[in-house]
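Working notes, beginning with the structure itself.
The values are calculated or read from the model by the stated rules, or taken from the named source; none is laboratory data. Model, not experiment: these values are computed from the prediction. Methodologically, a virtual Cβ is constructed for each residue, glycine included, from the backbone with ideal geometry; neighbour enumeration extends over all protein chains shown. In case anyone asks, the SASA skips ligands and DNA or RNA and just uses the protein heavy atoms, side chains included. Shrake-Rupley method; radii C 1.70, N 1.55, O 1.52, S 1.80 Å.
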Amino acid sequence: MSQTLFVSALQKVTTGELTFNELISAAQALTQASQIGNARQLYQVWIAMNGDHPLVFVAHFNCSTLLAQLGENEAAEIALRSALAANPDFTPAHINLGSAMERRGAVREAVEQWRLGLDRMNAVTGDAIEYKITLLKQLSRVLTDNHQHEAAEAALTQCLDLKAEQRDVLEQYAAVRLAQCKWPIAGGATPKVSRRDFVTRFHPLSACAYADDPLMHLALANQYVQALTPPASIPTHFDRRDAIVAPSGRRLRIGYVSSDLRAHAVGYLMANLFETHDRNAVEVFVYYTGIPADDIIAQRVRAVAEHWLDMRAMSDDEAAARICDDAIDILIDVNGHTRDARLGIFARRPAPIQVNWLGYPGTMGSPYHHYIIGDEHTIPADMEHYYSEKVLRLPCYQPNDRNRLVAPQTPSRSSMGLPEDAFVFCCFNAAHKITRFSFDRWMEILRRTPGSVLWLLDYNGETNARLRAAADAAGVDGQRLVFAQKIANAHHLARYPLADLFLDTIPYGAHTTASDALWMGVPVITLEGRSFASRVCGSLVRAAGLPELVCAGPDTFVERAVALATERTALAALRQRLTAGRDTCVLFDITLLARKLEQLYRDMAAAHLQGARPTPNLANLDAYLDIGAVYDHDQTEIGLAPNYEDVYRAALEARHFARPMPADGRLWDGEADAGADGIERAA
């Protein structure tokens, strides 16, 4: 039938009888019949016969889409340029041509193309506004990826001015403000969005860097999950929740889903784990969802994984179907709420047991993640109620690579722009982790240790200047902030020993960065909060054998850092202890971690066979989100307050008085006491 349609339409084109509407209808019918090549040919013949038609630009555009589907990317670009030659104001062609340029690596050309599209927009129509928003989103995304955060923020501000309630734009807007250290973060929201509405649309990962408020993190994660994977949109035929685990006594099949098993912080941590897994205990499946990569880390993982599959091009349905076919027993979400995560796969429940581990420092807040793996320091027993998942623990939750590549020579301080004789504090955390509070503590430390410098990563010129200006305002010469240029990881590790002491950030502390410092013999001092992200560094420092560098309060953090800078003998002893224990400490014992992790997998399987698979606790989270969002985290570090949970309890009590809430097994027990005035009070 489709071949007959194609021949008939082609005959009408050659006789000039095929109208433009008939062309569109015929091409759509051919495409739906999987005759994409014929649809493309029909457009090309029509264009050749109708070059002066007023709508020829639409034909060129539609033809470009078909060419892209056929993998003829160069021809697709030519078709888009032809569309713009016929109608330079056709915004969709600007959008797609810029995207095509970006895909082939011509990022600068893509940005210019999108800017050209914006410049040519004049008429104010509903479609024009949507096209402009799309162009601005594309611009901001690429600018952010290339660390041009100031320009990205300007594009996002325009987006929000056109349409304020855009979740994805507000998420990115928060991220670029964090990346620029533009304090206050939420206080600088666009005038069309209230601070509360802005905070409730933070991406979960941004929330980890914004505030040490694990109850708000939980509620935000749950809201994010509901937005991305609403139950009505998830097909149920992949559901293997009740499947038998490891039938007939075969090995447990463990699936790791990750976009980051490459030269990425997560890849650096996990490569040695895959080399250490016991093949007699587990059968490992790696489902890679990231960008194409053939670096040394990606090669190591592919070389040892029994099964490795690139899922990037697969839809969530296709990926879930493959995982079902592989009969995976335990599926590990190594992304969580991070870039290129595939929540949709986990929402389809293709494995009977699904686990949140390593990639995201917090709770998933989802109905389809059963466990989170931490340790006794990242998630103490009295903080388990901050998590929707059941908590399981390793000796230290983070794996590490004993085969790190380190350049053979340590550079000189002068070659890195550091003074030879000064005390060098360092922090190689990303800029989005630097809060006003952490920076203020750093400045107090510098004021009290004359001549010392703070060695940071080179973020970009604008952010560097902003931090130096903040130092000047705090009474510290901004030139005492030294910025380390980004270099290959092996050379970056080799320069670590030039630093004397690593100063951590809170609420999102050093994770892989802390392990790197400790491996290279640099002591790390950290301030411990309540959230997972704020407690990781403390776990690593303890596991490396330096528990005295984990501080319970901000004053202790400052005093201890100052003391170590002025008592070099004590610092030297710590460095010596760190180096001496590197081969025996828990942090770098990858064999211990692998065996304990495999035991956790067996424990999960046993619980499942006994019908004891945990049910995530998601009760009353809308109330917790409302409470967390109205608190001004830009002004107060709520997580360090001893009455943190009392703040929530009081607000829950007020909500319960207005509208009764059921118990949630977290902070609210569902009951209240009656006070002397007859008003019920929380128990």
Any residue in region 553-571 that's open to solvent by less than 20 Å² (accessible area, probe 1.4 Å): show its pairings with residues that are of a type in the set (Asp, Glu) and not in a helix (DSSP H, G or I) at Cβ separation under 7 Å, as long as the two are six or more apart or on different chains.
Leu571/Asp500
So which of Ala629, Ala623, Ala594, Ala605 ends up being buried (at least 17 other Cβ atoms within 10 Å of the Cβ), outside any loop (DSSP other than H, G, I, E, B) and over 27 Å from the mean Cα position of the chain (by Cα)?
Ala605
Pick out the one residue from Arg582, Arg613 that is of a type in the set (Lys, Arg), outside any helix (DSSP H, G or I) and closer than 30 Å to Met216 by Cα.
Arg613
Having 2 or more residues that are open to solvent by 20 Å² or more (accessible area, probe 1.4 Å), farther than 30 Å from Leu564 by Cβ and touching a Phe, Trp or Tyr at 6+ places or on another chain (Cβ under 7 Å) is the bar; report the strands (runs of 3 or more DSSP E) wholly within region 348-432 that clear it.
390-393
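Against the definition (closer than 30 Å to Gly461 by Cβ, of a type in the set (Asp, Glu) and out of contact with any Ser or Thr (no Cβ under 9 Å at 6 or more places or on another chain)), how does Asp168 come out, yes or no?
Details: closer than 30 Å to Gly461 by Cβ: yes; of a type in the set (Asp, Glu): yes; out of contact with any Ser or Thr (no Cβ under 9 Å at 6 or more places or on another chain): yes.
For Asp168, the condition - closer than 30 Å to Gly461 by Cβ, of a type in the set (Asp, Glu) and out of contact with any Ser or Thr (no Cβ under 9 Å at 6 or more places or on another chain) - is met.
Is it the case that Val482 is β-branched (Val, Ile, Thr), closer than 22 Å to Arg568 by Cβ and either in a loop (DSSP other than H, G, I, E, B) or free of Cβ contacts under 8 Å to residues at least 40 places away in the same chain (or both)? Before the answer, list the steps.
On the way: β-branched (Val, Ile, Thr): yes; closer than 22 Å to Arg568 by Cβ: yes; either in a loop (DSSP other than H, G, I, E, B) or free of Cβ contacts under 8 Å to residues at least 40 places away in the same chain (or both): no.
In short, no.
Filter region 338-347 down to residues that are in a loop (DSSP other than H, G, I, E, B) and of a type outside the set (Lys, Arg) and give me whichever is surrounded by the fewest Cβ atoms within 10 Å (Cβ to Cβ).
Keep residues of region 338-347 that are in a loop (DSSP other than H, G, I, E, B), which gives 338-342.
Next cut, of a type outside the set (Lys, Arg) only: 338, 340-341.
Values: Thr338: 18, Asp340: 12, Ala341: 23.
Restricting to residues being in a loop (DSSP other than H, G, I, E, B) and of a type outside the set (Lys, Arg), the top hit is Asp340.
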Output the residues belonging to region 245-275 that are assigned to a loop (DSSP other than H, G, I, E, B) and touching a helix residue (DSSP H, G or I) at 6+ places or on another chain (Cβ under 8 Å).
Val245, Ala246, Asp260, Leu261, Arg262, Ala263, His264
Could you list, in sequence order, the residues of region 179-202 that are in a helix (DSSP H, G or I) and open to solvent by 10 Å² or more (accessible area, probe 1.4 Å)?
Ala179, Arg195, Arg196, Asp197
Of the listed residues (Arg115, Arg103, Arg108, Arg120), the one being within 25 Å of Leu143 (Cβ to Cβ), open to solvent by 20 Å² or more (accessible area, probe 1.4 Å) and without any contact (Cβ under 8 Å) to a residue 24 or more places away in the chain is Arg108
Condition check: among the basic types (Lys, Arg) and over 25 Å from Met604 (Cα atoms). Does Arg349 satisfy that?
no
Among (1) in a loop (DSSP other than H, G, I, E, B); (2) at pLDDT 95 or above; (3) open to solvent by 20 Å² or more (accessible area, probe 1.4 Å); (4) not hydrophobic (A, V, I, L, M, F, W, C), the one test that Tyr224 misses
(1)
So the helices (runs of 4 or more DSSP H) completely within region 1-66 holding 2 or more residues that are open to solvent by 40 Å² or more (accessible area, probe 1.4 Å), free of Cβ contacts under 8 Å to residues at least 24 places away in the same chain and farther than 24 Å from Leu97 by Cβ are 2-14, 20-32
If you scan region 154-174, which residues turn out to be of a type outside the set (Lys, Arg) and surrounded by fewer than 24 Cβ atoms within 10 Å (Cβ to Cβ)?
Ala154, Thr157, Gln158, Leu160, Asp161, Leu162, Ala164, Glu165, Gln166, Asp168, Glu171, Gln172
I'd like to verify a number: residues in region 310-327 that are closer than 27 Å to Ala271 by Cβ and open to solvent by less than 40 Å² (accessible area, probe 1.4 Å), how many?
6
Cross-chain or 6+ apart pairs with Cβ under 7 Å, region 148-173 first and among the β-branched types (Val, Ile, Thr), then assigned to a helix (DSSP H, G or I) and open to solvent by 40 Å² or more (accessible area, probe 1.4 Å):
Val169/Lys137
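Residues checked against (1) hydrophobic (A, V, I, L, M, F, W, C); (2) surrounded by fewer than 20 Cβ atoms within 10 Å (Cβ to Cβ):
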residue	(1), (2)
Arg447	no, yes
Gly451	no, yes
Trp455	yes, no
Ala473	yes, yes
Leu481	yes, no
Ala488	yes, yes
Asp500	no, no
Asp516	no, no
Considering only region 233-243, I want to know if a residue exists there that is part of a helix (DSSP H, G or I), open to solvent by less than 50 Å² (accessible area, probe 1.4 Å) and either within 28 Å of Tyr386 (Cβ to Cβ) or basic (Lys, Arg) (or both).
no
